Amino acid sequence: SKSFSTSHILSHNISGGGGAPPGTTSRIISRPRLPGIKHIVAVSSAKGGVGKSTTAVNLALGLSHHHDKRVGLLDADIYGPSIPTLMNLKGRKPDVREDIKKMIPLVNYGIKCMSMGFIVEEDTAMIWRGPMVMSALEQLLRHVDWGDLDVLVIDLPPGTGDAQLTICQKVPLSGAVIVSTPQDVALADVVRGVNMFQKVDVPIIGVVENMSFFECSNCHHTTHIFGSGGAQATASRMGLPFLGAIPIHIEIRETSDSGKPITVGSPESSQARPYFEIAKKVITRLEELDNSATQQGPKITIEKNTR
């Protein structure tokens, strides 16, 4: 293998053409599988700043360390990658296997990781339009030698735009985990995010309420800074599984910033426990989806435009 350069594999050439016939809308295109990967789980939030990346990282570590799964982690946020910091991989670049022309993911804490943050300099502004982002994402997925994985966790960027649709349409997602805080302004975006996944036939694994409550380290009084139970109530109203609540705690923030997340930095702590419980529920939900009637192959649905 040799050291990776940005242009070595990641091509910016975008091919056009294709699409649905006039007067129709293609909801889902063919989703070729990623060889060797059993399940692909997207961690999503329609609103930024709710702790989605921290949740994705600790979910991946929980699946690996507490449930003995082979796990990969893809940072799909082209504009603001967080995985290099959270997984203590800043400043490192992936090698390339010349025989298959694929990047070799970086590994820490037993997790195979890939991120645009490994390829460009930390302070580089990614001034890319939608087609370039979509092309880069597909290559970060398919031009990486992931090997055999039980679960590939994809940390999606916030929102419901090009990047999210690219992943949903080009990758056979096993399901999506929705992360939200309890307040109304975030919960409104949960509904939009769920609707996006449902429109592209991606199952919802469940909802996580992050920053659910604050417990004083001195008197142990609990304060619901952003409201109480909002994500759980929204999940119940929409008929979705509620996976768990994660508190606001300084140790979660400190361990994340230091590149040693709470699930490896303090795995016995009460702050790490919710992540392990959520990981267990994700595994159970994946097994349920595997055993359900949704095991049909990828489909293409063409709908008549009503306008």
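The values are calculated or read from the model by the stated rules, or taken from the named source; none is laboratory data. Keep in mind that what you see is a predicted model, and the values were worked out from it rather than measured. Positions of Cβ are backbone-derived with ideal geometry, glycine not excepted, and every protein chain shown enters the neighbour counts. Note: accessible area is taken over every heavy atom of the protein model, side chains too, but ligands, DNA and RNA are not part of it. Shrake-Rupley method; radii C 1.70, N 1.55, O 1.52, S 1.80 Å.
On the stretch given as segment 255-302, residues that are more than 26 Å from residue 55 (Cβ to Cβ) and either open to solvent by less than 80 Å² (accessible area, probe 1.4 Å) or modelled with pLDDT of 95 or more (or both) total 2. If the condition is being open to solvent by less than 10 Å² (accessible area, probe 1.4 Å), within 13 Å of the chain's Cα centre (by Cα) and not acidic (Asp, Glu), then segment 139-165 contributes 141, 151, 152, 153, 154, 156, 164.
Tallying residues that are in contact with a helix residue (DSSP H, G or I) (Cβ under 6 Å, 6 or more places away or on another chain), touching a residue at least 60 places away in the same chain (Cβ under 8 Å) and crowded, with 21+ Cβ neighbours inside 10 Å within segment 77-88 yields 2.
Screening residue 66 with (1) open to solvent by 30 Å² or more (accessible area, probe 1.4 Å); (2) farther than 21 Å from residue 251 by Cβ gives one miss only, at (2). Cβ-Cβ contacts under 7 Å between residues 6 or more apart (or on different chains), taken from a first residue in segment 49-73 that is assigned to a loop (DSSP other than H, G, I, E, B) to a second residue that is of a type outside the set (Ser, Thr, Tyr) and open to solvent by 20 Å² or more (accessible area, probe 1.4 Å), are listed as 51/211; 67/280; 67/283; 69/150; 70/148; 70/150. Each residue in segment 227-243 was checked for being open to solvent by less than 30 Å² (accessible area, probe 1.4 Å) and polar (S, T, N, Q), and 1 pass.
Among the candidates 174, 212, the residue that is under 17 Å from the mean Cα position of the chain (by Cα), at pLDDT 80 or above and buried (at least 17 other Cβ atoms within 10 Å of the Cβ) is uniquely 174.
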